[in-house]
Amino acid sequence: MASLSTPAIVLRAVNYGEADRIVTLLGRDTGRLSALARGARKSQKRFAGGLGLCAVGVASLRERAGAELLTLEGFDATGGHSALGADIGRMAHAAYAAELCSKLCAPRQVEVAVYDWLAEFLAYLDLEGASAERLRVFELGLLGGLGFGPAIAACAVCAGASHAGRDASAVAFRWDADRGGAVCAGCARGGRPITAAARAALLHLAGLSLGAAFREALAPDVNRDCREALAEIINHHVGGPLKSVEFIAKLSAASSGGRP
Ligand SMILES: [Zn+2]
């Protein structure tokens, strides 16, 4: 019955019984895990901040012999995401980032860079607000950090070998999530066309920091193409659409300004 303590982010929390909660955490030192928080809805002392979605803090956990579910003995909130709950756009992006991590991160696989990427994303979200461009940069960084990054610059199949000597900009590409992203015309078996502008934008976004992403403003059609291309890669790994995506789509349709 080992005790452990780790910086952690709450990816999911559901009520259980009369007073408990079951939480999914991304622990910096543990990877993703689920834990039972006994009395979480009654004890503000042990669970400061109430274990809300995307709360950042230090989790004290106890492993239970033979049980997959750990016991969460305490959670000290350290990140005050004060603006998240007050702004529906920020909350939608936070919920989406959390759902992505809960679906893409393997259980108990330590991914320090992925943890830090999510923590940085949430901090920027709280500080500056929701931005579609930054959400794309987050998706690209998360996919890349987990080894799921799509091929963008060169063909996912031949890595450029079949069009050697020709400038990559002169080669037609298709987008095929099943084969890992951009596939050159010579290798393509399926997929769908992707514009040179969308591929250039994805490549550009892949090189941006989360901070710099906020100052980007892609044309609406390029933005949509990037979102759809990455959604296909994500769906391929998750095995279906994410709940929080529909919510963001509804928000986007309702807002005239194009953001989030
Ligand atoms: Zn190829």
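The values are calculated or read from the model by the stated rules, or taken from the named source; none is laboratory data. These numbers were taken from a predicted model, which means no experiment stands behind them. Glycine gets a Cβ as well: all are built from the backbone with ideal geometry, and neighbour counts include every protein chain shown. Remember, those area values only see protein heavy atoms, side chains included, never the ligands or the DNA or RNA. Shrake-Rupley method; radii C 1.70, N 1.55, O 1.52, S 1.80 Å.
May I ask you to list the trypsin sites (Lys or Arg not before Pro) in the range 116-195 that are in a DSSP loop and have at most 14 other Cβ atoms within 10 Å of their Cβ?
Working: sites: ARG134, ARG136, ARG166, ARG174, ARG179, ARG189; in loops: ARG166, ARG189.
Hits after loop and neighbour filter: ARG166, ARG189.
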Estimated dipole of the chain in Debye, rounded to 20 [Cβ of Lys and Arg +1, of Asp and Glu -1, Cα centre]: 380
Calculated SAXS-style log₁₀ I(q)/I(0) at q = 0.15, 0.19, 0.24 Å⁻¹ - the range 1-80, Debye, Cα scatterers: -0.42, -0.69, -1.13
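Grab the other residues whose beta carbon is less than 11 angstrom from that of THR71, score K and R as +1, D and E as -1, and report the net. Let's see the in-between values first.
Details: positive: ARG38, ARG62, ARG64; negative: ASP20, GLU63, GLU73.
Here the charged neighbours net out to 0.
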Leading residue at positive end of dipole, the range 1-80 (Cβ point charges), from SER5, THR30, VAL56: VAL56
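Summing -39500 (n - 2.57) over the DSSP H runs of n ≥ 4 in the chain and dividing by its residue number, what mean residue ellipticity at 222 nm do you reach, to the nearest 500 deg cm²/dmol? Intermediate values should be presented prior to the final figure.
Working: 7 runs with 94 residues, N = 260.
Calculated mean residue ellipticity at 222 nm is -11500 deg cm²/dmol.
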Translational D in µm²/s for the range 205-257 (Stokes-Einstein at 20 °C, 1.002 mPa s, Kirkwood Rh from C-alpha pairs): 168
C-alpha center-to-center spacing [the range 103-176, the range 1-69] in angstrom: 29
Positive-end residue of LEU230, LEU143, ALA188, charge dipole of the range 141-233 with Cβ unit charges: ALA188
Rounded percent of accessible protein surface that carbon and sulfur make up, the range 73-166, 1.4 Å probe: 54
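Per residue, how big is the convex hull of the range 83-260 when only Cα atoms are used? Give it in Å³. Don't skip to the end; give the middle numbers.
Numbers: hull volume 21.4 nm³, N = 178.
Normalising the Cα hull of the range 83-260 by residue number yields 120 Å³.
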